[in-house]
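K.L.:
Below you'll find the structure I mean.
The values are calculated or read from the model by the stated rules, or taken from the named source; none is laboratory data. Worth saying up front: this structure is predicted, and the values here are computed from it rather than measured. Cβ placement follows ideal geometry from the backbone for every residue including glycine, while neighbour counts extend to all protein chains displayed.
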Amino acid sequence: MPGNGLWRTKSIEQSIQDTDEPGTRLRRNLSAWDLTVFGVAVVIGAGIFTLTARTAGDYAGPSVSLAFVFAAIACGLAALCYAEFASTVPVAGSAYTFSYATFGEFVAWIIGWDLVLELAVGAAAVAKGWSVYLETVLGYIFGKGTKTTFEIGSLTIDWGALVLVAVLAMVLAFGTKLSSRVSMVITAIKVGIVLFVIVLGLFYIKGANYSPYVPPASTGGSGQSGVDQSLFSLIAGGANSSFGWFGLLAAASLVFFAFIGFDIVATTAEETKNPQRSVPRGIFGALAIVTVLYVAVSLVVVGMVPYGDLATAAGDGSHKTLATAFAANGVNWAANIISIGALAGLTTVVMVLILGQTRVLYAMSRDGLLPRSLARTSERGTPARATVLVAVMIGVAATFFPADKLEEMVNVGTLFAFILVSAGVLVLRRTRPDLPRAFRVPGVPVVPILAILACLWLMLNLTVLTWLRFLAWMVVGVVIYFTYSRRNSLLGKRGATEPPLAVGGADPTRP
C-alpha cells in the first residue's frame with residue numbers, strides 16, 4: 001500500500017498498469033540487439049575519442065588502462081542490479097521508476113531531477129564537441145577557416161550543435177525503431193574506426209612509454225589541487241590528485257563517464273518486445289563490448305606517445321585526443337580518419353542521450369510530478385512533446401553557452417543513481433519476494449552491497465567543486481518538488497480519492 005506524503009510508493013502493479021494508459025502508450029518494437037546497439041552507441045563516443053588521452057596525460061599516465069578496469073568493475077556490479085530491476089519492472093524511467101517503487105516519491109523525484117542533470121548536460125556538452133569535429137571535417141572539404149560558429153556582437157552562436165540536436169530530435173520523434181536503425185549504421189562505422197585505431201596503433205607502440213606504469217605523484221598535468229582535486233585526496237591529506245595512486249583513483253572516477261550507457265538501455269524497457277529477456281542481454285552485451293574496446297585503446301594510445309605529451313597543459317594547452325597520438329608519429333592521414341570517426345561517434349551519443357532524457361521526463365510527467373501534457377504520445381507511439389522540449393533545452397544550451405569540463409557533473413549524478421538502484425534490489429527482495437524476476441542478481445546481499453561501496457568510492461574521488469555544484473542542483477530540485485510536484489502527484493491524488501491497487505493487479509473494490 002502506498003505511504004503518505006514524501007514516502008508514498010508506487011506499486012509495481014500500478015507502474016505496469018500505467019503503461020497501457022490511453023494517450024500515453026509507447027510502442028513495443030525493440031529487440032535485445034537494438035538495446036545493445038543503443039548501449040554501444042552512447043558509450044563509444046566522447047570517452048573513447050577524447051577522454052582516454054586527456055585522462056592519461058592529466059591524471060594516470062600509462063595506468064589509465066587500469067583506471068578503465070576499475071570503472072568497469074563498478075559498472076558491472078551496478079549492471080547486475082539494473083538488469084534485475086529492468087526485467088522485474090519493464091517501465092520507462094530507469095532509476096526514477098525503480099526508486100518510486102522502493103524508496104518513495106521524494107527520493108524518486110530527486111533521482112529523476114538528478115537524471116535530468118546527467119543526460120541534458122551530457123547531451124549539450126557532447127553536441128558542442130560534435131560541432132568542433134564537424135568544423136575539422138569541413139576544413140578537409142572546403143579548406144581551413146570553415147567555421148561552425150558565428151558571432152552576433154558578443155554572443156557566439158554554435159550553428160553546428162543546433163543543427164545536430166534538431167535533426168536527431170526529428171529522428172527520435174519519428175520512432176524509436178528508426179532511431180535504432182540509424183544508430184546501428186553509425187555505430188558500425190565508429191566501431192570499425194576504433195578497431196582500425198587499435199590495429200594500426202600496435203605498429204607504433206614503444207615499450208619505454210609504459211614506464212613508469214603508475215607515475216609518481218606530482219603537481220603536473222592540470223595541477224588538480226584545492227577544490228579541483230578529488231574529495232578523497234583532500235580528506236586523506238594529499239596535496240593534489242595528479243598521478244600517483246590518488247591520480248589513478250581520480251582517473252577511474254573520471255573515465256567512468258565513458259561507460260555511461262547501460263542505464264539508458266534500461267529507460268527503453270517499456271518499448272522492448274520481451275523486456276524480461278532483452279533488457280539484461282542488452283545491458284551486459286553493451287558493457288562487455290565497450291570494456292574490451294576501451295582497455296585496448298588506452299593501452300595503444302599510451303604506448304604510442306609519452307603520457308606527458310597527452311596532458312592538457314602540454315604545448316599549446318589544447319585538449320589531446322586519439323588523433324594526437326597518430327599525428328605525433330607522423331601518421332596524419334590516420335588522424336584525419338579518426339576525426340571523421342569521432343564525428344560519427346558523437347552523433348549517436350547525442351541521440352541516445354536525448355532518448356534517455358526524453359524517457360525520464362516522460363515517466364515523471366505521466367506520474368504528474370511534471371506537467372501531464374508532456375506524457376502524451378504521438379500516432380507513432382513516441383512522446384513527441386517531451387522530445388521537442390528536451391531538444392529545445394539541449395539546443396539552447398549547446399548553441400549559446402560555452403562548453404566546459406562537464407564529465408564529472410554527469411558522473412556524480414549517474415553514480416548516485418547506481419547506488420539507489422543497487423540498494424533498491426535489497427529493499428524489493430525483502431518487501432516483494434513474490435515478484436517474478438526473469439533475471440536475479442547472484443550473491444544477494446553481497447553483490448548489491450559491493451556495487452554500492454564501489455560507486456561511493458568513485459564518488460569520493462570526484463572533485464570538491466563537482467560535489468558543491470551537485471548539491472546546489474539538488475537544492476533547486478527540492479524547491480520544485482515542494483512547490484509543484486508534491487501537489488500535482490498523480491499517486492497522491494489517487495491516494496486521496498481511490499483505494500490502492502491490490503498486490504497482483506486486482507481491483508480491491510470489485511468482488
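K.L.:
Only one of Tyr133, Tyr204 is in contact with a Leu (Cβ under 8 Å, 6 or more places away or on another chain) and either farther than 28 Å from Ala397 by Cα or at pLDDT below 85 (or both). Can you tell me which?
P.N.:
Going through Tyr133, Tyr204 in turn, the sole match is Tyr133.
K.L.:
Now for a different question. Please find, among Ala266, Ala250, Ala258, Ala286, the residue that is of a type outside the set (Lys, Arg), at pLDDT below 90, touching a strand residue (DSSP E or B) at 6+ places or on another chain (Cβ under 8 Å) and assigned to a helix (DSSP H, G or I). Even if it seems obvious, please write down each step before you answer.
P.N.:
Details: Ala266 fails: touching a strand residue (DSSP E or B) at 6+ places or on another chain (Cβ under 8 Å); Ala258 fails: touching a strand residue (DSSP E or B) at 6+ places or on another chain (Cβ under 8 Å); Ala286 fails: touching a strand residue (DSSP E or B) at 6+ places or on another chain (Cβ under 8 Å).
After applying the criteria, what remains is Ala250.
K.L.:
Residue pairs, Cβ under 8 Å, 6 or more apart or interchain, first in segment 436-454 and of a type in the set (A, V, I, L, M, F, W, C), second surrounded by fewer than 17 Cβ atoms within 10 Å (Cβ to Cβ). List them.
P.N.:
From residues that are of a type in the set (A, V, I, L, M, F, W, C), the pairs are Ala438/Gln276; Ala438/Arg277; Phe439/Gln276; Ala454/Ile73.
K.L.:
On to the next question. Hey, could you check segment 149-169 for residues that are outside any helix (DSSP H, G or I) and of a type in the set (A, V, I, L, M, F, W, C) and say which is modelled with the lowest pLDDT? First the steps, then the outcome.
P.N.:
As a first pass, look at segment 149-169 and keep what is outside any helix (DSSP H, G or I): 149-158.
Filter once more, keeping what is of a type in the set (A, V, I, L, M, F, W, C): 150, 152, 155, 157.
Details: Phe150: 81, Ile152: 82, Leu155: 78, Ile157: 86.
Here the residue is Leu155.
Conditions tested, residue by residue: (1) of a type outside the set (Asp, Glu); (2) in a helix (DSSP H, G or I); (3) closer than 15 Å to Leu254 by Cα; (4) modelled with pLDDT under 80.
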position	(1), (2), (3), (4)
Pro2	yes, no, no, yes
Thr9	yes, no, no, no
Gln14	yes, yes, no, no
Glu21	no, no, no, yes
Leu35	yes, yes, no, yes
Ala41	yes, yes, no, yes
Thr50	yes, yes, yes, yes
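K.L.:
Tell me which of these Ala311 doesn't satisfy, since it passes every other one: (1) crowded, with 20+ Cβ neighbours inside 10 Å; (2) at pLDDT 85 or above.
P.N.:
It is condition (2) that Ala311 fails.
K.L.:
Can I ask one more? When the residues of segment 92-126 are narrowed to those that are closer than 23 Å to Ala258 by Cα and among the acidic types (Asp, Glu), which ends up modelled with the highest pLDDT?
P.N.:
This residue is Asp114.
K.L.:
Another one. Can you say whether Thr347 is over 21 Å from Leu117 (Cβ atoms), crowded, with 24+ Cβ neighbours inside 10 Å and under 18 Å from the mean Cα position of the chain (by Cα), as far as the supplied structure shows? Even if it seems obvious, please write down each step before you answer.
P.N.:
Values: over 21 Å from Leu117 (Cβ atoms): yes; crowded, with 24+ Cβ neighbours inside 10 Å: yes; under 18 Å from the mean Cα position of the chain (by Cα): yes.
Yes; evaluated as a whole, the condition is true for this residue.
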